[in-house]
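Note sheet for the following structure.
The values are calculated or read from the model by the stated rules, or taken from the named source; none is laboratory data. Note that the structure is a prediction, hence the values are computed from the model and not measured. Positions of Cβ are backbone-derived with ideal geometry, glycine not excepted, and every protein chain shown enters the neighbour counts. Heavy atoms of the whole protein, side chains included, go into the accessibility calculation; ligands, DNA and RNA do not. Shrake-Rupley method; radii C 1.70, N 1.55, O 1.52, S 1.80 Å.
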Amino acid sequence: MNIIRKLILKEWFRFFAGAVIALFLLISVANLISGFLRGNVTALEVVINHFIEIPDYLNKIFPVSCLMASLFSINKLKTRSELTAIFAAGYSRKNYIIDLTLASLLVTFIQFATTSFVGPFVKSHRETFIQGSSHKFRNLRSQGLKSSTIGSGKMWYKSDDYFISFTNYDSVKKEIFNVSLYRLSVDSYLEEIETINKVSYQNGLWVSDKQSSLKKLNQKSFPKIENLSKIPVNINETPDDLSQIEADITILNIFNLWQYIKQLQSSGINISEYMVLFYDKFSNSIICIIFTILASVSIFNPNRRSSSFGNNIALVFFFTILYWLIYSYLLELGNNAKLSPLVATFSVPALFTVLLIIIFSKNRKLAG
């Protein structure tokens with residue numbers, strides 16, 4: 001039986017590796033060509049950015065590769081009549097599915113580690129390798145996020161003549177909380193510090209709630225202290241800019257992201273968008289197992305005459321397009337708080353799981 005198990009896993013991993021390489025090369029060529037056509041970046045910067053984005057590419061490649069690995073490995077065993085021989089030797093379909101599940105479980109762990117730790121880590125060092133990367137590759141007017149929200153407890157952003165830090169930004173109400181503005185003089189010395197509880201965007205202007213200012217810090221005299229409220233605040237960034245800045249929470253690993261979400265929740269902020277990002281890391285990993293099992297249902301009909309390479313290709317494209325279209329649409333609804341984060345991220349895996357339950361229920365006698 002160990003020989004049979006080795007044969008099954010060998011074929012599965014061989015097709016999985018081939019699918020990963022083929023899909024990765026396809027995505028790489030498309031992204032590199034589009035990158036080289038950009039006029040504001042060098043060829044070296046395009047290549048470096050491409051390597052930084054690899055974890056995101058694998059996040060999309062792995063589930064589809066699991067689907068292709070099961071379909072094509074089973075089809076190959078069918079065409080050589082080995083699948084019929086395997087079951088005739090007493091190796092049950094249940095054991096076959098368990099073997100594939102264990103193989104996909106390994107891919108699931110790799111997928112989760114890549115999206116939850118490796119991806120955020122390499123993104124956090126993007127600016128080290130590409131100066132001004134947030135301007136070149138994220139279409140921001142200014143520099144992007146400069147430090148993690150965890151540690152200092154705030155997000156830091158460098159504008160033209162000041163640093164701004166804040167705990168969180170409510171994109172729905174257009175409000176920034178716990179704001180500190182460090183304004184610089186012409187010769188780049190710290191000139192003024194403004195501390196504000198809440199800043200709201202009203203009629204095209206940022207307006208403070210309660211503001212305390214320390215002025216003339218670059219002079220030898222004692223700083224001037226002012227306490228004001230309900231006055232306009234000179235912040236160059238628009239609400240859209242702040243939304244893009246906060247998008248850089250993708251540099252947080254799974255644990256730091258959870259801490260950040262809890263921090264937002266304690267401030268009374270709508271956390272739907274952030275929970276979608278958090279749950280997505282789990283959902284996109286679980287789908288690797290589901291796709292592997294879903295593509296293995298053809299073992300219930302091991303006759304090679306019933307197999308068709310063309311049908312397998314059609315199934316791959318059908319499930320891939322169906323999955324990404326529906327899943328992307330639901331994620332967008334979740335980000336806009338039109339669906340709960342759990343429904344947005346786990347409804348598609350749940351749907352495929354129900355489909356598997358129905359299929360295996362109909363073939364439970366053969367599975368034994």
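Residue ranking by accessible heavy-atom surface, 1.4 Å probe, largest first, among PHE109, PHE163, PHE291 comes out as PHE109, PHE163, PHE291.
Placing a pseudo-label 7 Å from each Cα along the Cα-to-Cβ vector at VAL29 and LEU217 gives an inter-label distance of 5.4 nm. Taking all protein chains as shown and a probe of 1.4 angstrom, MET275 keeps an accessible surface of around 20 Å².
Using 0.36 nm per residue of separation minus the Cα-Cα distance, give me the extension gain between ALA113 and ASN2 in nm, one decimal. Walk me through the intermediate numbers first.
Details: separation 111, 0.36 × 111 = 39.96 nm, distance 2.93 nm.
Going from the current span to full extension adds 37.0 nm.
Which whole-number percent is the relative contact order of the chain (Cα, under 8 Å, 6+ apart)? Present the calculation step by step, with values, prior to reporting the outcome.
Values: 502 pairs, mean separation 67.9, N = 368.
It comes to 18 percent, rounded to a whole number.
Counting pairs of alpha carbon atoms under 8 Å apart in space and at least six apart in sequence, what relative contact order in percent does the range 175-283 give? It comes to 15 percent, rounded to a whole number.
Return the inverse of the average 1/r over all pairs of distinct C-alpha atoms in the chain, which is the Kirkwood hydrodynamic radius, in Å to one decimal. Let's see the in-between values first.
Values: mean 1/r = 0.0420 Å⁻¹.
Final number for the Kirkwood radius of the chain is 23.8 Å.
Between SER92 and ILE326, the simple label model (points 7 Å from Cα in the Cβ direction) yields a spacing of 3.0 nm.
Cross-linked pairs LYS10/LYS123; LYS198/LYS224; LYS154/LYS210; LYS123/LYS158; LYS10/LYS94; LYS10/LYS78: Cα-Cα separations exceed 26 Å for LYS10/LYS123. Can you give the angle from 0 to 90° between the axis of helix 272-295 and the longest principal axis of the chain, with both taken from C-alpha atoms, to the nearest 10? Helix 272-295 sits at roughly 10 degrees to that axis. The residue among LEU264, GLY204, LEU67 whose Cα reaches farthest toward the positive pole of the charge dipole of the chain, with charges on the beta-carbon of Lys, Arg, Asp and Glu, is LEU67. Put the Cα centre of the range 1-62 next to the Cα centre of the range 89-117 and the gap is 20 Å.
Report the paramagnetic label zone for ILE313: residues of the range 1-40 whose backbone N is under 20 Å from a point 7 Å from Cα along the Cα-to-Cβ axis. Hits in the range 1-40 for ILE313 at 20 Å: 15-27.
The H on the amide N of GLU191, modeled in the peptide plane, is under 5 Å from the matching H of ARG183, LEU184, SER185, each at least 5 residues off or on a different chain.
Summarising the amide proton neighbourhood of ASN168: residues at separation of 5 or more, or on other chains, whose placed amide H is nearer than 5 Å comprise PHE177.
Residues ILE359, ILE74, ordered by accessible area of protein heavy atoms at a 1.4 angstrom probe radius and largest first, appear as ILE359, ILE74. Placing dummy labels 7 Å off each Cα toward the beta-carbon, the span from ASN270 to SER188 is 4.0 nm. Comparing ASP161, ASP56, ASP241 in a Gaussian network model of the chain where C-alpha atoms under 10 Å apart are linked, the largest mean-square fluctuation is found at ASP161. Full extension of the chain between PHE255 and LEU342 gives 29.5 nm of extra length, using 0.36 nm per residue less the Cα-Cα distance.
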